[in-house]
Every structure is written in C-alpha cells, then in structure tokens.
Amino acid sequence: MTEYQTLIVERRGAVGWLINNRPEALNAMNNAMRDEFALAWKELDDDPDVRVIVHTGNGRAFQTGADVSELASDGIGMERYRESVENFDMHFTSWHQKVWKPVICAVNGICAGGAFHFVADADIVIAASDAQFMDPHVSVGQVVAVEAVALLRKMPVEAVMRMALVGRYERMSAQRAYQLGMVSQIVDPPENLRDAAQALAEKIAKNSPAAMAATKRALWGALEMGLTDACKAGAMELVSMWGHPDQLEGPASFAEKREPVWVAPVAADGLSA
Amino acid sequence: MGADYKTLHVESRGHVGWLIFDRPAKANAMDATMLDELEAAWKQLDADPHVRVIVNTGNGTAFQTGLDVAQLSREPDALREQSRRTRRAELRLTAWHNRVWKPVIAAVNGVCAGGGLHFVADADIVICSTAATFLDPHVSIGQVTAFEAIGLVRKSPMEPITRMALLGRHERLSAERAFELGICSEVVEPEQLLDAAQALADKIAKNSPAAMAATKRALWGALETGLTEASKSGAMEMVTVWGHPDQIEGPAAFAERRDPQWKEVG
C-alpha cells in the first residue's frame, strides 16, 4: 500500500475514502498530488474489498484546481503539462483512470476551477450546505475546457457557461447547485457531510458490483455518441451480464429474504479479484 | 457607432456592446431588413476591439417573436433567400450563427416566441425580467420547430422543450420556471433588467478576452461531439493561450491587487 503525502486513502467497511489533504493550500493540486491521484484511484479500484469510493477534502476547501503558487514559482509553470494536455493523457480523476466502481464526490467547502474535474467525473455529487462553486480560470488568463466540457453534458449548460465566463466575480451556492441537478443532496449542518456520504455509499455497496460497473460503462459511454448508437452500446453492456452469477443470486436472495452475496468487483484492467 | 440600423439599436456602454431589437410595434418580429441587419450588427460588435461582452435585448414589451411572416410574404426575394438558408442550416440571425466568440448575454425583457428562441438557445448567458415568457407557436400554425429547440434540448432538461414545441401557442413557460430549469440564471424586476445585464457584463469584461474566446470555442464545440473527442479538442483550446501575455498578466495583477490589463482581441 502506497504512503501518500498529499492524500489520505482509507477504508471504512466496503467504502474506500480518497481525501484531499493539503488543507493549508486549500487542497490545490501540486505535482505530487497529481501523481498521487493516479495511484490512489488505481489502488482503490484494484482492492476487491472496496465497492464504492468517496472523494472529499480536509479543511475548508474541497479542492481549488492546480497549485498556482507552485506554477508561478517553479519556473516551468503550465508548460510542464503541455504534453499530457495536448495528448489528453490525464490521470487525476476516476474517469481518467477508468474506475468502474461507483464514485461519490462529497464537496465539503470551496470548489474552484480545476476542482470541477472531480465534480464532473464523479457519478454522484453531494455537498455540504456551505459549499461554494466558482471557476476563476478566465480571470487569470486561463481557458476553461475539459472539466466544463464534461459538466455541461450533465446539467443545464447556461449555468456552466455563466460560471466559465463570469470567473472569479461570482459564486454559485450549494442550494443553486442542487436546484440545477449538479448535486443531488445537500447536507446540513456541514459537519455531517462525511456521515451522509458513508451512509449513501453503504446503500450503493449493497448492489451488484458487476451490474454497477456495466451500468457505469453504459451511461458514461452514452456521453460519447448519439442516442441510437448509445442504446446499441448499452444493449451490449446489458447482455454482458446475462449468465453472471449475480443474476441468479439477486432474485434468489430476494425470495429467501436475505442479503445477496455478490461476486467481488473486478478492476477495469482485470488483474485483481 | 458606424452603421445606421432601421430595425436594431446598436450601441456600446464601456466595454459592453448592446444589440437591441427595435421593432416594438411588431413585437420585434424579424422582417427582411432585420434579417440583414442582424448579421451586420453581430459582425460589427464582434469586430470592435473595445467591445468585450455583448448584451442582446428588445425594446418594448416583447423580446423577440420570430419571423414576421406577413411582411416577408410581400418580399418574395427575401423570403426565398431565407428559405434557402434555412434548408442549408445557414442562418445568420444569432451570435452563434455568426461565429461571435465574445461572451453574449441574452436579456429577455418580455415575450420570446418561436424564432425568438434562437436568441436564447444561442446565447452564452440568459437573464430574464419577471415579465419574460417563452412559447413556441410553430406547430399551431402548421410549421415545424427545429433549430431553436435542437439547441435548447442540449442545454436544458429536454421535457420542457418538447412540451413547449408540442403545446404551441396554447401554453407559456414563465421566467420563474425557466430559472428553475436552468434555462436562465437570473430573474429581476422589469425595470432592473438593463442595469442587471450591464452589471453582469461589466464583471465579465474584467476577464481575459483571449481566454474567454478559447473557452467559448471549447464549450460550444463540446456540443458537437462525444465526451472524449470534445475533451481532446477542449484540451487543444486550453493550450492555445499558453504563452499568451494574459497568462502572465492575470496572476501578476492578482498578486499586485490591481485590475489586469488584458491584450485586446478583435
């Protein structure tokens, strides 16, 4: 198991926790953190005892994008990332890392700029009642692209455009994010966020891991193409489960009024479990 | 500011360009003249380096009510030209049609009907007066709704758009409901609409014009393709501003607690 400097990775029952842990820097992503995200998602995805992953932050911010002070001081700046951006070879979110376990993003405070990568790429997003959302990229001469590209497929577009173009001069409240369907649950008081995330994750962990993975592939895949093509691809995911032991275990446990015993999850690369 | 318009009012206030529909006696419906003037006005505002943000609104009680079919029927040449453009999806009515990469705010001051929905679908940001209402009467007069609704169903929950398209003139969507659905992001009292639009535009005008143009290209481009493809194109837009002077100026101004001096675009 990897030792992390910028993240905390832990397990609570069947729930894996990935916690941003640079609170003094509002959890901004420096190079070390960027590398550790790639490892942490894979570690949790490869662990057959983990069925659901919760991602949150320590301190008063959830995440605030790239670490601008590192970018401004190391003499390399964004150029360090040119090759990986130009090749779209990114590895810091669960979507980048092809994690097919359910991922809950629990937004605990300020969510700014590049933090939207984690909101956009999660399956489920919940927020503390004092969470705030803003995208300051264009206010410092940067372009908003990949995170908003994903976000605008998942919620009303106007709100995404407004955040992208107004920049640091406006913030969106957790309440408005809930109205718009960007988050599905607001937790009040804010200190109950982690308990609420754990409770939600435990419900999800009761479902068939194999069925959830195929469902995730079908629904995320649907963002790649037109409706008819997405249904055809979804049909293949659906059929892929036919004959799987979970399809016998599900109805059997229901009839016998007991908890189902599912086949343990398999990582996307097929190497574990 | 240059061209004289008969059906539009075009002006700038600070860095904000205003494009105002100005046929209030006809609920701002588009006649042949307005169709021509719209293309010219978007291009004029887009080419003006002092204009950083554009607000689109209407004079009178209506925002925009689509084609003035009665007037167009008396001008067969104009009608023919419009039909040709429609068939080829080559309309030049809106900012998106005219490839305007400056931020565009639609400030909906009253009824927005039928073809008027083009201007809501194709704006980046939409704010409304409480007097604004939305309806799409096309099918009530035997016409098909296409482009406006196609744009809107990619930007908002779909059911309200198909409902509007199929209910025709027999129902209206309120500003309040448009806000709930995320079709607009702000609703203000009618007498405050123009000030609210100017204030919002002034905030946006503080951001880097080059970064905003690339952001618009990335986000509008994302409506064209699949997620991975759009992310790749978006990443290329991101990189286009690396090395641009605004990227040095932005953090420097922030650190020195002053307003940034962005490079002009246009």
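Taken together, the values in this text are just the output of simple stated rules run on the coordinates, not laboratory data. Because the structure is predicted, anything quoted here is derived from the model rather than measured. Glycine also receives a Cβ, built like all others from the backbone with ideal geometry; neighbour counts cover every protein chain displayed.
Annotation: the residues B:124, A:195, A:135, sorted from fewest to most other C-beta atoms within 10 Å of their own C-beta, follow the order A:195, B:124, A:135.
Residues whose amide H lies under 5 Å from that of residue B:55, counting only those 5 or more places away or on a different chain, are B:17, B:18, B:19, B:105; hydrogens are built 1.01 Å from N in the peptide plane. Averaging the sequence gap over all C-alpha pairs within less than 8 Å and six or more residues apart, then dividing by the number of residues, gives region B:209-255 a relative contact order of 37 percent.
Computed over region B:8-204, the P(r) tail beyond 19 angstrom holds 57 percent of alpha carbon pairs.
Among all stretches of chain B without exposed GluC sites (Glu not before Pro) (DSSP loop, at most 14 other Cβ atoms within 10 Å), which one is longest?
In short, B:1-89.
Annotation for region A:48-68 versus region A:204-273: alpha-carbon center distance of 26 Å.
Fewest neighbouring Cβ atoms within 10 Å first, the residues A:74, A:123, B:259 line up as B:259, A:74, A:123.
For residue A:232, the aspartates and glutamates whose Cα falls under 17 Å of its own Cα, not counting residues fewer than eight places away in the same chain, are A:224.
The lysine pair count for chain B, using Cα distances under 13 Å and pairs eight or more places apart or on different chains, is 4. Relative contact order for region B:8-204: 20 percent, from Cα pairs under 8 Å spaced at least 6 residues apart, divided by residue count.
Centre-to-centre separation between the Cα atoms of region B:138-183 and those of region A:1-42: 44 Å. Spin-label model, residue B:79 to residue A:73: label points 7 Å out along the Cα-to-beta-carbon direction sit 7.1 nm apart.
On alpha-carbon atoms, Rg over Rh for region B:209-255 using Kirkwood Rh?
Numbers: Rg = 12.4 Å, Rh = 11.4 Å.
We get a ratio of 1.08 for region B:209-255.
Using 0.36 nm per residue and subtracting the Cα-Cα separation, the extra length available between residue B:69 and residue B:139 on full extension is 23.7 nm.
List A:105, A:231, B:112 from most exposed to least, where exposure is judged by having the fewest other Cβ atoms within 10 Å.
Exposure proxy ranking, most exposed first: A:231, A:105, B:112.
State which stretch of chain A is the longest one without any exposed trypsin sites (Lys or Arg not before Pro), exposure meaning a DSSP loop state and at most 10 other Cβ atoms within 10 Å. The answer is A:1-256. Estimated purely from DSSP H runs of n ≥ 4, each contributing -39500 (n - 2.57), the mean residue ellipticity at 222 nm for the protein assembly as shown is -11500 deg cm²/dmol once divided by its residues.
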